[in-house]
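See below for the structure under consideration.
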Amino acid sequence: WLVLQSKPNPEKRLAMLYYNNPAGKGGIGASYLNVPGTIRALLDRLRDEGYQTGGEAAPDEKTLINLLETSGRNVEVWAPGELDRMVSARHTVLISMDKYRRWFAQLPAAFQSSILQHWGPPEKTRLMVIRDRDNQPFFVVPGLRFGNVFLGPQPLKSSFEEAAKSQHNTAIPPPHAYIAAYLWYRHEFLADAVIHLGRH
């Protein structure tokens, strides 16, 4: 908070996350909130306040929702081809397992233990993971960049098959893909703030 009081707005970096659960096209929204309209209004206001938003004006709502459905949505394990297509379009961030393990090792030991106990080692994760030609796994963080603003879906807390028992259960820790995304916002995107749009 102290740094943000003196940091110039053009240097501030924001991660803006919207609700996309259940995953996929048509699932970008929130209860009683016009998500694309809100994003557009926020981007325009941020630009007016001196933030770097990557252009003169935010895309209109129709263009914005098309961009989000193409490159900024969660993909479930039952649609692996969709995730590959998003990665091929180069509008996603890839986090290697080695990098994730380094970040994960910096988290509190009790938290690490709870994750590993519930979800197992990260290499066994299937949610939001692709494999390269050498069969090496990478976490996928979908989203779009507008200057210093990253716009993406809030990561899935579980796969659809586990959602009924874990979505609202605060005793179940988030999965590795969820943690990987937030660690990327912190360590590589260097977000000064995270804005969550809509519920959850």
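The values are calculated or read from the model by the stated rules, or taken from the named source; none is laboratory data. Since the structure is predicted, the reported quantities are computational estimates derived from the model, not experimental observations. Only protein heavy atoms, including side chains, enter the accessible area calculation; ligands, DNA and RNA are left aside. Shrake-Rupley method; radii C 1.70, N 1.55, O 1.52, S 1.80 Å.
Let me check something: with ligands and nucleic acids excluded, how do 194, 140 order by accessible area (1.4 Å probe), largest to smallest?
Result of the area sort, largest leading: 194, 140.
Share of antiparallel DSSP beta bridges in the chain, in percent to the nearest 5?
55
If you rank 63, 38 by how much accessible surface each has, with a 1.4 Å probe, what is the order from largest down?
From most exposed to least exposed: 63, 38.
Which three extents, in whole angstrom, do the alpha-carbon atoms of the range 1-112 cover along their principal axes, largest first?
Dimensions of the range 1-112 along the principal axes of its Cα atoms: 39, 38, 29 Å.
Quick one: angle between helix 61-71 and the longest Cα principal axis of the chain, in degrees between 0 and 90, rounded to 10, please.
Between helix and principal axis, roughly 30 degrees.
Select from 135, 21, 74 the residue whose mean-square fluctuation is largest in a Gaussian network model of the chain (Cα-Cα springs shorter than 10 Å).
Residue with maximal mean-square fluctuation among 135, 21, 74: 135.
Over the chain, with the other protein chains present, what is the accessible area per residue in square angstrom, probe 1.4 angstrom? Show your work: numbers first, answer last.
Working: 10870 Å² over 200 residues.
Value returned for the chain: 54 Å² of accessible area per residue.
What translational D, rounded to a whole number of µm²/s, comes out for the range 82-160 from Stokes-Einstein when the hydrodynamic radius is the Kirkwood one over Cα pairs, at 4 °C and 1.567 mPa s? Can you show the working numbers first?
Numbers: Rh = 14.0 Å.
D, rounded to a whole number, is 92 µm²/s.
Just give me a number: lysine pairs in the chain, eight or more positions apart or cross-chain, with C-alpha atoms less than 22 Å apart.
Qualifying lysine pairs in the chain: 7.
Does anyone have the angle between helix 109-119 and the longest principal axis of the chain? Alpha-carbon axes, 0 to 90°, nearest 10?
Computed tilt is about 70 degrees.
When the accessible area of the chain is split by element with a 1.4 Å probe, what percent falls to carbon and sulfur?
For the chain, the apolar C and S fraction of the accessible surface comes to 52 percent.
Given an 8 Å cut-off on Cα distances and at least 6 residues of separation, report the relative contact order of the chain as a percent.
Once divided by the residue count of the chain, the mean separation gives 34 percent.
Quick one: Karplus J couplings for the range 182-189, per residue in order, coefficients 6.51, -1.76, 1.60, θ = phi - 60°, nearest Hz, x for Gly and Pro?
For the range 182-189, the Karplus-derived couplings read 5, 5, 5, 4, 7, 8, 10, 6 Hz, x marking Gly and Pro.
Hey, what do the phi angles of the range 132-148 turn into as Karplus ³J(HN,Hα) couplings, whole Hz, using 6.51/-1.76/1.60 and θ = phi - 60°, x for Gly and Pro?
7, 5, 8, 6, 8, x, 9, 6, 10, 10, x, x, 10, 10, 10, x, 8
Using only the alpha carbons, work out the radius of gyration and Dmax of the chain in angstrom.
Cα radius of gyration and Dmax of the chain are 16.9, 48 Å respectively.
Name the residue, out of 143, 29, 50, whose mean-square fluctuation peaks in a Gaussian network model built on the chain with Cα pairs under 10 Å.
Highest fluctuation of the listed residues: 50.
At 1.4 Å probe size, what's the solvent-accessible area of residue 113? Round to the nearest 10 Å².
60
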